[in-house]
Structures are given as structure tokens and as C-alpha cells.
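Notes for the one structure printed next.
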Amino acid sequence: RSSDLRSAFENGAEGIGLFRTELMFLDRDEPPTEEEQYEILAETARLADGRPVIVRTLDVGADKPLAWMRLPPERNPALGYRAIRMYAEHADLVEAQLRAILRAGAVGPVKVMFPMVATPEEARELRALVGRVKERLATEGIAHDHAIQVGVMLEVPSAVLSVGAIAREVDFFSVGSNDLAQYLFAVDREDTRLAHLGSPFHPAFLRLLETAVAGAHAAGRWIGLCGEIGGRPLAAPLLLGLGFDEVSVSPPRVLAAKA
């Protein structure tokens, strides 16, 4: 919402670290059109006024079902058919979204970021997909950012341990700390009985963050973090010490985090 954007910038945010596109798809009977998505993203880029906007592609399934998509029930939805794993079956939907993102990149510095990447092969396929969409837009003579930065979220431990190989396919990374902790500790983040497990301050989790940052920087890539830990004052010295280039927090937490 534009009110959220204005609130973030009034509080001193230096960009939008995570634009959640799934919010455009919820509470409706059909997916938004390319034009609807473009209008929202272009307005976001205009409001950002030169600040970077990182747009995460559709991340649904698991705890974020879509009524009109009619996904079959899963025994372990967090480990199943979600995010980029659904893209091949919904290629038209994904292409429409990428077209909207690339077009918005002609309005301001928009970046595209893919969720739930687990392997270098997936990163390579997604980069190629962006390339194909750019070619179609160019053929149609539609304004877009032909040099858009492509990034992936580090939410799956296998991706962190493959960060050097994935870096050959992408321009940046963002650690999704909530999901990364969920998968590292085998703790369902929706299960309140397990809330005492999976602390983001656990040495095992901090070592994984250290691996992610070191791998990204060794490959000459920048790396950010989004998730609950980013907004905790106690975490600020840890994240700075680990070397994160960017931290994303909710608008009300920007002032405290910056201080």
C-alpha cells in the first residue's frame, strides 16, 4: 500500500528491501492482469523516488494458499509445492508478472528476486526465464529495464551451501531468516509448540549466516537480510559484524533499526 511506502520513507528507509507481490493475488477470484501489476509496481517505483525497490516474485503455497489456484492439500506444505516450484505449471502467470516487473524497471531502480531457490540449476533456469521475457518485450518495443538486477532469496540451507555456484547466475542475495531457521532446525514456524526451538541467535544459525555472507562477498555479490531478526535491536551488531550490506525491516521498525 502507498501508505506503507510513505511510512517507511518518512521513517528513513533507504529503499524497499522486500515488495511482497503475493498481496496483489490474495482475496480475489482471479489473478491480477499484467497491467494491474504494472500500475502498482510503477507507482511504487515513483513513490520510491530513485530508491531501490526489490520485488519478490510470486511466493504462494504452503501457508499462503490462493483460492482460485485450487492447490491440492499437502501433508507437509512447507516442504512441498510452493513458490518457484509452481512456476513451470503456471508459466503464463509468471511471465505476466515478470513483464510487469521489467516494465516498472523503466520507471525506477526495480530489482527482481526469486523465492525458495534451492540449487544452482534453479537459479540458472530463472535467469534464463528473465532473459526470454526481456527479449519478448524488446521485440514488442515495450519500455523495460534490459539490465535489471536478478537476485534470489537464501531460505533453503542447500542454497546457502551452494552460494558460490548460485552467485554465477545472480546479481545479489537476500537471506530469508524466518524460513532459513525453519528449515535448518526442522521446526514448523506455524507450530507454537515449537516456538522455543530455532532461535536466530543459535550458533548454528549464525554460522550459516556467516557462510552466506562470506560466499556472496567472495563472489563479488551484495547480500541483504529480511525476516524477524532484522528488526531486533540485539541483532544489529551481529548483522553488521557478519557483514550484511542491507537489512530489511517493517516500516515501524526502521527508525529503531537505523539508530
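The values are calculated or read from the model by the stated rules, or taken from the named source; none is laboratory data. Small disclaimer: the values here were computed from a predicted structure and weren't measured. Ideal geometry is used to build each Cβ from the backbone, glycine not excepted, and the neighbour counts take in all protein chains shown. Quick note on the areas: whole protein, heavy atoms, side chains included, nothing else; ligands and nucleic acids left out. Shrake-Rupley method; radii C 1.70, N 1.55, O 1.52, S 1.80 Å.
Cβ-Cβ distance below 7 Å, separation of 6 or more or different chains: which pairs start in the range 193-220 with a residue that is over 13 Å from residue 167 (Cβ atoms) and free of Cβ contacts under 8 Å to residues at least 24 places away in the same chain and end on one that is of a type in the set (S, T, N, Q) and surrounded by 11 or more Cβ atoms within 10 Å (Cβ to Cβ)?
If the second residue must be of a type in the set (S, T, N, Q) and surrounded by 11 or more Cβ atoms within 10 Å (Cβ to Cβ), the pairs left are 198/182.
Which members of the range 69-94 meet the condition of being within 18 Å of residue 174 (Cβ to Cβ) and either of a type in the set (Gly, Ala, Ser) or in a helix (DSSP H, G or I) (or both)?
83, 84
Rundown of residues vs (1) aliphatic (A, V, I, L, M); (2) outside any helix (DSSP H, G or I); (3) open to solvent by 40 Å² or more (accessible area, probe 1.4 Å), yes/no style:
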residue	(1), (2), (3)
207	no, no, yes
212	yes, no, no
223	yes, yes, no
234	yes, no, yes
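Evaluate the following for residue 33: is it loosely packed, with under 13 Cβ neighbours inside 10 Å and touching a helix residue (DSSP H, G or I) at 6+ places or on another chain (Cβ under 8 Å)?
Yes: the conditions hold for residue 33.
Take residues that are more than 24 Å from residue 101 (Cα to Cα) and among the β-branched types (Val, Ile, Thr) and tell me which of the helices (runs of 4 or more DSSP H) falling wholly in the range 111-188 contain 1 or more.
Ranges flagged: 157-160, 163-167.
Could you say which residue among 197, 184 is closer than 23 Å to residue 76 by Cβ, of a type outside the set (Asp, Glu), at pLDDT below 95 and open to solvent by 30 Å² or more (accessible area, probe 1.4 Å)?
That would be 197, the only listed residue that is closer than 23 Å to residue 76 by Cβ, of a type outside the set (Asp, Glu), at pLDDT below 95 and open to solvent by 30 Å² or more (accessible area, probe 1.4 Å).
Yes/no matrix, rows are residues, columns are (1) over 26 Å from residue 259 (Cα atoms); (2) touching a residue at least 12 places away in the same chain (Cβ under 8 Å); (3) open to solvent by 20 Å² or more (accessible area, probe 1.4 Å):
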{"site": "4", "(1), (2), (3)": "no, yes, yes"}
{"site": "18", "(1), (2), (3)": "no, yes, yes"}
{"site": "29", "(1), (2), (3)": "yes, yes, yes"}
{"site": "59", "(1), (2), (3)": "yes, yes, no"}
{"site": "91", "(1), (2), (3)": "yes, no, yes"}
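Could you look through the range 131-151, keep only residues that are among the small types (Gly, Ala, Ser) and under 22 Å from residue 171 (Cα atoms), and pick out the one that is nearest to the chain's Cα centre (by Cα)?
Among those that are among the small types (Gly, Ala, Ser) and under 22 Å from residue 171 (Cα atoms), it is 151.
State all residues of the range 95-110 that are of a type in the set (Gly, Ala, Ser), open to solvent by less than 20 Å² (accessible area, probe 1.4 Å) and not in a loop (DSSP other than H, G, I, E, B); if no residue qualifies, say none.
100, 104
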